[in-house]
Amino acid sequence: MVIIPKRYYWFSFGIMLAISITCLFIYGKAKQQLDNEYKAQIQTVGRLSVQDFERTVRNNIGSLENIKDRIEESEGAFMQYFESDANRIISQHPSFRFIEFIDSDGIIRQIVPMIANEEALLLDIKPLEYRYSEWINNSRKDITNMTPWIPLTQEGEAFLVDVPVYIKGKFYGTVTAGMDFSSQFDEICETFKDHSVLLTDQNGTVFYSYNEPNPGDFPTDRQFEAGMKPIGASGKTWSFQLLYRDNEIYKERELIQLIGLFFGFLLSFVISLLVFLFLKSRHNKAHQETINTTLSLLNTELEEQKQEAQKASSAKSDFLSNMSHEIRTPLNAILGFADILQTKDLLKKERVYLKLMRNSAQTLLVLVNDILDMEKIESGKMEVSEDRFKPADQLQKIINTYKPQLQERTLEVNKEFSSHCNSTVLGDVSKFNQIFTNLLTNAIKFTKTGGITIRYAESFEKDRLKVSYSVSDTGVGIPKDKLPSIFDRFVQVENGFRKRHEGGGLGLAITKELVHLLEGEIGVTSKVGKGSCFAVEMSFPLVEDRPGTINERNKDLSHIKSLIVDDNRINRMILYNILLQVGIRSESVGSGLEAIEKTRKHNYDLIFMDIHMPDMDGFEATEKLLQIQEDLVVLGLSADVTKEAIRNGRASGMCDYLTKPIDKEALFRILNKHFSSKPLISKSY
């Protein structure tokens, strides 16, 4: 163990302490500057606000002085228009509650509006000591007078503003108004948002407040206080208080400063740590260089191995995709011609040969599909879809499909389905069917005599359906030592030169992976010479049943004008003959460019489009064809069964995507979906 000198620790701690003190000093200066700027901002906003409030009051009083000027200029004649002019001013200025004329004897002679102010009409203000003395003194000096915030005779509170009128040098009376500036002050305060305003008159009476001001809730440096002169330098002074709350900008800047301080401390710690590590690394330089060199070599080797593994995986995927396409293309020809020959009059021996040829091709196709499925599972590309289906119905359909094969091998089929098995679930019906199909075909393959028993049961668990079924046979059975590995890849009961049953050893491995993909369980029991029993349990969410559509086997589509696009002449011949079975006579071309030229000259209802073609692939050709004829039904038809190819086909505008070898049943279902609903009888040519 290497001992680190203590001076390294002290030196690193000293650096951290020095940087931390520097950060605190910078933070203090920045905080002080921010506070000074904010205080200056408060002072500026406060002074401008005082000016706005004073201007508002004086503008209102100015309107009152205009009436006084017109009375003086007309030597009192204007009084006949007093009511109309007062109404005009009140309508223009919301601060006016009423306007009245008080004659030189102190009696209110006119008041506008009269409604709600009747009690004040002809009121003699001389007995009102708090009112008359100030009114008469300022009037005799020809000075505009403003009372404090006082209660009114006619209810309510207001400021009374008296503007004296002199005619030919003689005191004539005052134009007086009751004013409440709250509405106009509110308009000014709307710009303050979260701030508060408090106004008191010369007696200290609060007559206006905004945003619930409470000076005790604000620090002194967030308060602005100043005097207001509502009617000029000679008038009384109001007290104006602006209580300033910290706004978002201030809080953000303060937060930034705190974050900066935090990162300063963090930086001091990191720097001191780096210095310590640097010193430590120098102290152990020779040892560390050796370790680093070794690690570097190991990392380089690991990266190279990783890249090689990625290349190998990519090459494997490309190889499987290409080989699938290359194998499926001739398989399409073999199976296609076999289907065509089945409709012909053949000798019994020829039919046997044809059957053997078809079975061999199907075996090869199953092997290719198994390899592709295993590759998808390994690469994580296997997806689980959500379909509505009835598990019991699906099993019954598969059993019916394989009945001819069971009868041919003289095998009995015993079905033990529990009663009331008619529930509908949500799950991947394709994978569900593939699991059962694999188990059933496996049982058929390894059973020479006797029969196969299929047991099925359903049970409910809250809102889910638990499905349990088993496939039992009387076949060769599985040796006890093979049972633990029976679901492994490439494991078969029989190996070597004495192998009697065909297959690649992938079926059960894929089946187990699919069961686990659907979150189920699979198990097996077996006895050599007695047979095997494979049991599966799965759980699916229950859903409401929906009426399904009736799958029509064939329809009369002889009115359909069809075009086959495929660079392989054999594929065109096979599809041409299959389409004849539903009355469709098709034209065909060998490339996408030829298809485009044909479509420009003729309108087609249906186009079968291959994917892999020279010059222009099927995706590009589909896009161009749909630009020429928007209502065209384009069906993709290719030996490329990868998920990417199917997705690209849909994206290019293809209505559906079929894979080679052609599944006639799937083809007829798609034709039924897109075209007429009139059933037809399949024809032979």
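The values are calculated or read from the model by the stated rules, or taken from the named source; none is laboratory data. Just so it is clear, the structure is predicted and the values come from calculations on it, not from any experiment. Because the Cβ atoms are built from the backbone with ideal geometry, glycine has one as well, and the counts that use them run over all protein chains shown. Accessible surface areas use protein heavy atoms only, side chains included; no ligands, DNA or RNA. Shrake-Rupley method; radii C 1.70, N 1.55, O 1.52, S 1.80 Å.
Brief remarks on what is shown
- Going by accessible surface with a 1.4 Å probe and the largest first, Ile143, Ile150 read Ile143, Ile150.
- Pair Leu542, Lys229: separation of 7 Å Cα→Cβ label points (nm): 8.8 nm
- For the stretch 40-120, the set of GluC sites (Glu not before Pro) satisfying both a DSSP loop assignment and a count of at most 12 other C-beta atoms within 10 Å is given as Glu75.
- The heavy atoms of Asp194 present about 100 square angstrom of accessible area, all protein chains included, probe 1.4 Å.
- Accessible surface, 1.4 Å probe, highest first, among residues Arg572, Arg455: Arg455, Arg572
- Efficiency of FRET from Cβ geometry, His283 and Thr22, R₀ 25 Å, rounded to 0.05: 0.35
- Entry for the chain at q = 0.05, 0.09, 0.10, 0.11 Å⁻¹: log10 I(q)/I(0) = -0.64, -0.88, -1.01, -1.16, Debye formula applied to identical alpha-carbon scatterers, no solvent contribution.
- Applying a threshold of 24 Å to the alpha-carbon distances of Lys415/Lys530; Lys397/Lys512; Lys480/Lys530 flags no pair as lying beyond it.
- Förster radius 45 Å - calculated FRET efficiency between Ser418 and Lys348 (Cβ-Cβ, nearest 0.05): 0.55
- Phe262 paired with Arg140, simple spin-label distance in nm, labels 7 Å along Cα-to-beta-carbon: 7.2 nm
- Entries of Lys141/Lys168; Lys403/Lys527; Lys601/Lys624 with Cα pairs more than 20 Å apart: Lys403/Lys527
- In loop segments of the stretch 570-674 as defined by DSSP, the GluC sites (Glu not before Pro) with at most 10 further C-beta atoms inside 10 Å of their C-beta are Glu630.
- The fraction of accessible area contributed by carbon and sulfur in the stretch 1-117 is 58 percent, rounded to a whole number (1.4 Å probe; ligands and nucleic acids excluded).
- Considering all different alpha carbon pairs of the stretch 566-685, the Kirkwood hydrodynamic radius works out to 14.6 Å.
- Ordering of 11-22, 422-433 by packing [mean C-beta count within 10 Å, highest first]: 422-433, 11-22
- Cβ-Cβ distance of Arg88 and Ser183, R₀ of 22 Å, FRET efficiency by 1/(1 + (r/R0)^6): the value works out to about 0.75.
- For the chain, the per residue solvent-accessible surface stands at 55 Å², with DNA, RNA and ligands left out and a 1.4 Å probe.
- When DSSP beta bridges are restricted to pairs lying wholly in the chain, around 75% turn out antiparallel.
- Modelled this way, with points 7 Å down the Cα-to-C-beta line, the labels at Asn203 and Tyr132 are 1.8 nm from one another.
- When Met357, Met228 are compared by accessible area of protein heavy atoms, the largest-first order is Met357, Met228, using a 1.4 Å probe.
- In the stretch 182-311, taking the dipole from charged Cβ atoms about the Cα centre, the farthest positive-side position among Ala226, Leu198, Gln257 is held by Gln257.
- Accessible area (Å², 1.4 Å probe, nearest 10) - Tyr172: 80 Å²
- Mean Kyte hydropathy of 0.0 or more with a Cα span along the axis of at least 18 Å, helices from DSSP in the chain: 248-283, 429-445
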